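Report on the following structure.
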Amino acid sequence: MLLKVSCISEDGTNGVEICTLYGIRFNKQGFAILSTEHEKHDYLIPMTEEAYDMLCKSYVACAKSGAAVVELVGGSVYRLRKNAMFLEKIDAKYAFKPL
């Protein structure tokens, strides 16, 4: 599935990216991490575990609808070099929507 996402890079610039979304996972530091074909970057979304559960439900709903492209709405995603330190915490209301 293709993903359209608004990203904030390490240098603070904003941009829109479209990439292949392979999956999502939640880590114990309070971030959802998007897995994409971009092997040198992590895409981090600060959120609570409850917000992560809601995000997953919206992703499943998009997949069931047959959407080929989804957009992540509700805030920006932080695009960082793999394994870079990131400590900012924001609890935004993220969701996927089919395009």
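Taken over segment 9-44, the criterion of being modelled with pLDDT of 90 or more and of a type in the set (Val, Ile, Thr) is satisfied by Val16, Ile18, Thr20, Ile24, Ile33, Thr36.
For segment 1-49, give me each residue that is in a strand (DSSP E or B) and among the β-branched types (Val, Ile, Thr). Answer for segment 1-49, where residues must be in a strand (DSSP E or B) and among the β-branched types (Val, Ile, Thr): Val5, Ile8, Val16, Ile18, Thr20, Ile24, Ile33, Thr36, Ile45.
Pull up segment 17-40, narrow it to residues that are touching a Pro at 6+ places or on another chain (Cβ under 9 Å) and small (Gly, Ala, Ser), then point me to the one that is surrounded by the most Cβ atoms within 10 Å (Cβ to Cβ). This residue is Ala32.
Answer with yes or no whether Leu80 is part of a strand (DSSP E or B) and either over 21 Å from Val16 (Cβ atoms) or at pLDDT below 90 (or both). If you could, list the steps in order and put the result at the bottom.
Values: part of a strand (DSSP E or B): yes; either over 21 Å from Val16 (Cβ atoms) or at pLDDT below 90 (or both): yes.
So Leu80 passes the test.
The values are calculated or read from the model by the stated rules, or taken from the named source; none is laboratory data. Because the structure is a prediction, the values reported are computed rather than measured. Neighbour counts are summed over all protein chains in view; Cβ atoms, including those assigned to glycine, are modelled from backbone coordinates with ideal geometry.
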